[in-house]
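Starting off with a structure, shown below.
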Amino acid sequence: MKAWLGILALIAMGAQADDDGPTPCDNVETSQQSLDCSVYNRKTAERELNDAYNGLNARISAQYGDQPAVLKEYLAKVKAAQDLWRKLREADCAVEVLEADKDGNSSQTALNDCMAQRSDERSEYLQTIGTQGDENDAPDQ
């Protein structure tokens, strides 16, 4: 029994270490390391963006689940806005990359950095939608 507890403890620590472990952004000294860091940041930001979008859809569904017509319209508008935002992000970042050096990794690094930054900003915004009612429902202190 103690052996199983020890194994479970090691598994739990391993899972935590994955979240807190080293990243490609630790000790960046070369252009290849900078590119690897930008790829990591872009993937992380995209994952967080998807989580924020899914969270928004869940909040909307919870708030308007008893009003199917309103729910359908709200979800459709959120999807349309997200699709348009993605196109804007790609266009804006394409403009920013024009200034990057076309040789080497700098152009791709600049694109990844731009996409990550814009995705982070959008994630923060999406997390605010559908929460206004929560603030109004809070008791006065």
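What follows draws every value from the coordinates through simple rules; no lab data is involved. Owing to the predicted nature of the structure, the values given are computational and were not obtained by experimental measurement. Cβ atoms come from the backbone with ideal geometry, glycine included; neighbour counts cover every protein chain shown.
Report the full-extension gain for the segment Val70 to Asp120: residue separation times 0.36 nm, less the Cα-Cα distance, to one decimal in nm.
Using 0.36 nm per residue and subtracting the Cα-Cα distance, I get 15.2 nm.
Can you tell me the length gained on complete extension of the stretch Ala94 to Ala58, counting 0.36 nm per residue apart and subtracting the Cα distance? Before the final figure, lay out each step's value.
Values: separation 36, 0.36 × 36 = 12.96 nm, distance 3.18 nm.
Difference between extended and current length: 9.8 nm.
Can you divide the C-alpha Rg of the range 71-114 by 2.2 N^0.38 Å and report the result to two decimal places?
Details: Rg = 15.0 Å, N = 44, 2.2 N^0.38 = 9.3 Å.
The reported ratio for this selection is 1.62.
Moving to a separate point now. Can you tell me which lysines have their Cα less than 16 Å from the Cα of Lys87? Leave out same-chain residues fewer than eight positions away.
Answer for Lys87, where 16 Å is the Cα cut-off: Lys77, Lys79, listed by chain and number.
If you don't mind, there's one more thing I want to ask. Could you order peptides 66-79, 25-38, 48-61 by the average number of other Cβ atoms within 10 Å of their residues, highest first?
Packing proxy ranking, top to bottom: 48-61, 25-38, 66-79.
Related question: Calculated FRET efficiency, Thr44 and Ile129, Cβ-Cβ r, R0 25 Å, to nearest 0.05? The partial results should precede the final answer.
Working: r = 22 Å, r/R0 = 0.86.
Plugging the Cβ-Cβ distance into 1/(1 + (r/R0)^6) gives 0.70.
When the Kirkwood hydrodynamic radius is evaluated over all pairs of different C-alpha atoms of the range 30-132, what value in angstrom, to one decimal, is obtained?
Numbers: mean 1/r = 0.0667 Å⁻¹.
So the Kirkwood estimate lands at 15.0 Å.
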